1. Can you tell me which residue among Arg136, Arg81 is out of contact with any strand residue (DSSP E or B) (no Cβ under 7 Å at 6 or more places or on another chain) and surrounded by 14 or more Cβ atoms within 10 Å (Cβ to Cβ)?
2. Pick from Val40, Val53: which is farther than 19 Å from Arg131 by Cβ and within 26 Å of the chain's Cα centre (by Cα)?
3. Can you name every residue in segment 102-140 that is polar (S, T, N, Q) and under 21 Å from Pro56 (Cα atoms)?
4. So is Leu74 at pLDDT 85 or above and not basic (Lys, Arg) or not?
5. Give me the residue from segment 106-130 that is touching a strand residue (DSSP E or B) at 6+ places or on another chain (Cβ under 7 Å) and within 15 Å of Pro146 (Cα to Cα) and, out of that set, surrounded by the fewest Cβ atoms within 10 Å (Cβ to Cβ).
6. Going by what's in this entry, would Ala25 be described as among the small types (Gly, Ala, Ser) and in the same structural domain as Glu149 (by TED's automatic domain parsing)?
7. With respect to Pro146, determine if the residue is at pLDDT below 90 and over 17 Å from Val53 (Cβ atoms).
Amino acid sequence: MSKRSALVWSSVGFLLLGGGFGVGAVLALRPAPPPPFAPVPEEAAPEETGMLVYVPLEDQLAVAVAEQPERVMLTLGVSVRGSLEELVKLQEAVKTMKPAIKAAMLEVAQREVAKTAEPAALMAALPAPLRDAANRVIGTEELPAPVEEVLITGLVTQ
């Protein structure tokens, strides 16, 4: 074998070896696809105005329904959005209307617990109705839906 053919075969071998490593590196370093259970990202929502504040609720919500032998204890938090002035007014309104807010949320929670006391079902079913109940009580003309989301931070069934 001549020096020239040895050089050609060495070059081909080097390219094949380097190419194999290159393809392997590309395949190994590409981002992993999302798992099938991952939520599908929605289209970008229009930019919200105001500050977003997460507020844990001090009192637990104890839900007992005569038809269900289980008793459910909920620890909740809410996220509210608004300007600083709106949030200060909202804080004062919540202080004065706290029993009405708790009663409205308890009524909604009792309806859902009467359907099922399974924790996974409650975690999925409760946030939206609880948000709507809170907004019915504390919403105003200027700020009709101050509560954007109700977060269930704790759920215990007995």
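The values are calculated or read from the model by the stated rules, or taken from the named source; none is laboratory data. Keep in mind that what you see is a predicted model, and the values were worked out from it rather than measured. Glycine gets a Cβ as well: all are built from the backbone with ideal geometry, and neighbour counts include every protein chain shown.
1. Matching residue, one of Arg136, Arg81: Arg136.
2. On the way: Val53 fails: farther than 19 Å from Arg131 by Cβ.
Unique residue meeting the criteria: Val40.
3. Narrowing segment 102-140 to residues polar (S, T, N, Q): 110, 116, 135, 140.
If the condition is that a residue be polar (S, T, N, Q) and under 21 Å from Pro56 (Cα atoms), then Gln110, Asn135 are the ones that fit.
4. Yes.
5. We begin by selecting, within segment 106-130, every residue touching a strand residue (DSSP E or B) at 6+ places or on another chain (Cβ under 7 Å); these are 106, 109-110, 113, 117, 119, 122-123, 126-127, 130.
Those left that are additionally within 15 Å of Pro146 (Cα to Cα): 127, 130.
Values: Pro127: 16, Leu130: 25.
So the residue we want is Pro127.
6. Working: among the small types (Gly, Ala, Ser): yes; in the same structural domain as Glu149 (by TED's automatic domain parsing): no.
For Ala25, the condition - among the small types (Gly, Ala, Ser) and in the same structural domain as Glu149 (by TED's automatic domain parsing) - is not met.
7. no
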